[in-house]
Every structure is written in C-alpha cells, then in structure tokens.
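J.: Quick one: structure below, then a few questions.
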Amino acid sequence: MQRDPAALKSALADLEQRHLRRSRRVGVRPGVINFCSNDYLGLSAHPEVVQAFADAVMKYGVGSGASHLVTGHSIAHQNLEEALAAFTGREKALLFSTGYMANMGVIGALADQKAAIVSDKLNHASLIDGCRLSGAKVARYRHADADHAAELLADIEPETKSRLLVTDGVFSMDGDLAPLPELARYASSTNAWLVVDDAHALGVIGATGRGSCEHFGLSSDDVPVLVGTFGKAFGTFGAFVAGDSDFIEYLIQKSRPYIYTTALPPAVAAATFAALEVAQRDSWRRERVLAHARRVHAVLGLRGTQVSPIVPVILKDEARALAASRELESRGFLVSAIRPPTVPAGTARLRVTLSATHEESQVDALIAAIADVVGEVRS
C-alpha cells in the first residue's frame with residue numbers, strides 16, 4: 001500500500017463495494033437480544049465472577065505492572081495456573097495475555113525456519129499467523145481431513161527435527177469438531193507436536209466441560225499442547241497453554257509473546273479462577289446452551305451434527321448475509337454477518353451463538369425470525 005491518501009480511500013471504497021467493509025458497534029442497544037457473543041456460559045456478568053474481580057482490584061490494583069518474569073506474576077496468577085492444570089489434566093499451565101499471543105507464542109517457540117508445520121485450512125487467524133511468522137515450511141490440509149494431514153506429514157523430509165500438526169478443537173466459524181483421535185494417532189506416528197487450540201470447546205464440550213479432548217477421551221499424551229482462552233465460556237479475558245512440566249518451562253524460556261508482555265491484571269486472573277469454579281459447579285449451564293444450539297440446528301434443518309454453541313447459517317452471498325443481519329436486528333436479534341476473509345469466499349453466513357442466559361422463548365423467537373428472513377435454510 002502506497003503512502004497515498006487516494007490509495008487508502010480507493011481500498012476502502014473497494015471493500016465497501018464488495019460488502020466486505022467492517023465496522024465497530026458501541027455496545028448493544030436496549031431491547032436487542034445478543035446472539036453473537038462468545039459468552040457461552042453467561043459468566044461475564046455472574047455475581048461471583050464480578051465480586052472476585054472487584055475484590056482483587058481492591059487488593060492488587062488495576063494492573064500487574066510488569067511481565068511475569070519480572071514482578072507481574074502474583075499469587076492470583078499462580079492459583080489460576082494450578083487450577084487450569086488440574087482442570088485440563090496437565091502437569092502445568094502458563095498464562096498468556098491473549099489467545100492470539102498464546103498461539104503465536106507456542107508455535108514460535110517450537111518451530112523455526114528448519115521446522116515443518118501441517119495446519120488445517122480453516123484454522124483461526126492466530127494459528128495461521130503463528131505458522132507464517134515462525135518461518136517454518138507450512139502445508140495446509142483440507143478442513144478436518146485427517147488422512148490428508150497424514151499425507152502431508154509423510155511428505156516432510158526425514159531430517160526435519162521439529163514438526164507440528166496444528167488445529168482448532170472446535171472451529172470458530174463452523175462450530176464443528178476436529179478429528180482429534182485420528183490427528184493424534186498420525187502426530188504420534190510421525191513424532192510431531194499436536195497443537196490444539198480448544199478456545200471454543202473448553203467449559204462447554206465434554207462430559208464435564210473439559211473440552212474436545214474429554215469429548216474424544218484423549219489424554220495429555222495424545223494432545224501434548226493444549227491452548228485455551230478465557231474470553232469465551234469463562235467470560236473474562238486472556239489465555240493459557242497447558243502441557244507437561246518441561247514443555248511449560250521451555251515456553252517460559254523461549255516464548256517471546258510470554259517473555260516480553262505485561263502480565264494479565266491480577267484481578268482478571270482472580271475473576272477467571274472464580275469463573276472456572278462456577279463453570280464446574282453449574283453443569284446446567286453447559287447442558288442448557290448445547291440444548292439451545294441443537295434446537296436451532298434441528299428446527300432450521302441445517303446439515304451435520306450440532307456439538308457446540310456455534311450454529312452457522314450459510315447464505316453464501318455477502319450482501320445477502322449483511323441484509324439478513326440488519327433485518328434480524330430490526331426485529332430485536334443481534335446476529336453477526338460473517339464474510340471473507342474470516343470465512344472462505346462463497347460461504348458468507350449468519351453466525352448464531354447461544355448462551356446459557358438465553359431463555360427458550362428467546363431462542364424460539366430467533367428461529368422463527370431467521371426462517372422468515374432467509375427462507376428455507378439448508379447449509
């Protein structure tokens with residue numbers, strides 16, 4: 001891009017013409033029901049979580065003041081890391097300031113220009129950027145196609161010392177699960193690190209909400225690198241990586257986004273600790289949000305099996321998706337229109353996300369509105 005105001009205006013006009021220009025919204029206006037938040041368990045405003053945050057602010061202040069390796073690592077951070085390790089069945093966990101940084105930090109620590117990475121084509125942008133910036137040779141396999149991933153792993157040159165197989169656990173725009181058992185088997189047979197970003201599964205998926213690994217009955221040996229975030233089911237902010245002790249220690253020494261970033265505010269860590277406790281105690285939240293999602297999926301006649309709180313309604317055309325989103329908002333429902341490059345060209349959609357705070361009557365009203373606005377849906 002040239003340093004030319006006319007070039008910027010032209011680029012913005014082009015995005016506008018193709019219905020791809022994005023805009024920010026300031027909050028959600030009163031009377032509109034939010035069906036596009038990732039607050040799956042409804043914990044962002046839970047009284048116990050809010051109180052834990054408020055108490056910790058009074059105790060620690062509003063900021064951590066430094067990176068974890070200087071003076072930013074408080075007892076609140078330590079308590080949360082230990083709770084996360086127990087929750088995920090790993091020896092240790094390590095906090096990161098954002099999920100984006102966690103993914104980039106893990107991949108950058110394990111891979112360099114001499115490494116090889118095999119990555120799902122629909123992985124989150126943070127995984128894609130982590131792969132690119134590592135300098136490793138990257139091959140992308142067809143979405144959720146474990147056999148194709150195996151072919152690409154087999155093509156890696158034998159002398160390659162570091163190899164990674166990278167995937168989301170639940171994909172953020174489609175709500176589907178990665179074929180983790182097959183991927184784990186192929187990663188093990190080729191001595192590759194299996195890196196799973198389980199941001200949209202932890203707290204919701206699995207018999208006790210421990211994510212896609214629990215759903216498939218996989219151990220820490222099967223999935224040695226597990227990434228999770230707090231801004232989805234746990235309703236707060238930040239992220240973590242869990243694994244065995246040596247791996248976490250290696251990240252502390254080598255992960256640049258961890259080393260050179262100010263630690264999360266202690267109050268956020270304390271609130272997340274409280275959210276983790278509520279999520280484990282109130283199993284009805286997980287059951288309710290998944291029941292809502294299954295109902296939307298079934299009544300609208302969408303294809304596939306619904307296993308997560310994310311329900312995509314594929315409309316293909318960007319203009320149609322935008323128009324549908326605006327019409328739904330006029331009827332009192334906030335549902336995002338997702339367009340390229342977030343999703344592949346020709347797959348623009350409404351992305352419906354459900355929460356435990358939604359009432360059945362609200363979900364039924366949304367279903368009726370979508371059916372009326374977009375007509376018969378088959379995605």
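The values are calculated or read from the model by the stated rules, or taken from the named source; none is laboratory data. All values derive from a computational prediction rather than experimental measurement. Here Cβ is always computed from backbone atoms with ideal geometry, including for glycine, and neighbour counts include all displayed protein chains. These accessible areas exclude ligands, DNA and RNA; they are computed on the full protein's heavy atoms, side chains included. Shrake-Rupley method; radii C 1.70, N 1.55, O 1.52, S 1.80 Å.
J.: Place a +1 charge on the Cβ of each Lys and Arg in region 41-154 and a -1 charge on the Cβ of each Asp and Glu, then give the dipole magnitude about the Cα centre in debye, rounded to the nearest 20.
T.: With Lys and Arg at +1 and Asp and Glu at -1, about 340 debye.
J.: Still on this structure, please answer the following. What do you reckon, how do D4, D120 stack up by accessible area (1.4 Å probe), largest on top?
T.: Output order, biggest surface exposure first: D4, D120.
J.: Let me ask you something else. Distance check, please: which entries in K232/K316; K121/K254; K92/K114; K137/K161; K161/K254; K137/K254 exceed 23 angstrom between their Cα atoms?
T.: Long pairs (Cα-Cα over 23 Å): K232/K316; K121/K254; K92/K114.
J.: Using only the alpha-carbon atoms, what does region 260-361 span along each of its principal axes? Please give whole angstrom values in decreasing order.
T.: Result, largest extent first: 44, 39, 28 Å.
J.: Just want to confirm a number: the relative contact order over the chain, from Cα pairs under 8 angstrom separated by 6+ residues, in percent.
T.: Across the chain, relative contact order equals 24 percent.
J.: Taking the Cα centre of region 204-302 as the origin, how large is its charge dipole in debye, to the nearest 20, when only Lys and Arg (+1) and Asp and Glu (-1) carry charge on their Cβ atoms?
T.: So the dipole magnitude of region 204-302 works out to roughly 560 debye.
J.: Oh, and also: Rounded to the nearest Å, what's the spacing between the alpha carbon centres of region 165-191 and region 257-319? Just the number, please.
T.: The two parts, judged by their Cα centres, are 18 Å apart.
J.: Tell me the relative contact order for region 246-379 as a rounded percent, counting alpha carbon contacts under 8 Å between residues six or more apart.
T.: That works out to 26 percent.
J.: Something else: So, with a 1.4 angstrom probe, what is the percent of accessible area on the chain that is carbon and sulfur?
T.: Here carbon and sulfur together make up 51 percent of the probe-accessible area.
J.: Let me ask you something else. Taking +1 at the Cβ of each Lys and Arg and -1 at the Cβ of each Asp and Glu, which of A187, S283, G346 sits farthest along the dipole of the chain towards its positive end, judged by Cα position relative to the Cα centre?
T.: G346
J.: Same structure again: Going toward the positive end of the dipole of the chain, with +1 on Lys and Arg Cβ and -1 on Asp and Glu Cβ, which of A13, T88, V227 do you reach last?
T.: The listed residue farthest towards the positive side: A13.
J.: Still on this structure, please answer the following. For a quick protection proxy, order the peptides 145-151, 232-238 by their average other-Cβ count within 10 Å, most packed first.
T.: Peptide ranking by packing, descending: 232-238, 145-151.
J.: Here's a follow-up. To the nearest 20 debye, what is the magnitude of the charge dipole of the chain about its Cα centre, counting +1 on the Cβ of each Lys and Arg and -1 on the Cβ of each Asp and Glu?
T.: 1140 debye
J.: Nearest-5 percent of antiparallel DSSP beta bridges in the chain?
T.: 50 percent
J.: Oh, and also: Ratio of alpha-carbon Rg to the 2.2 N^0.38 Å globular estimate for region 90-223, to two decimals, please.
T.: Taking N as the residue count of region 90-223, the ratio is 0.98.
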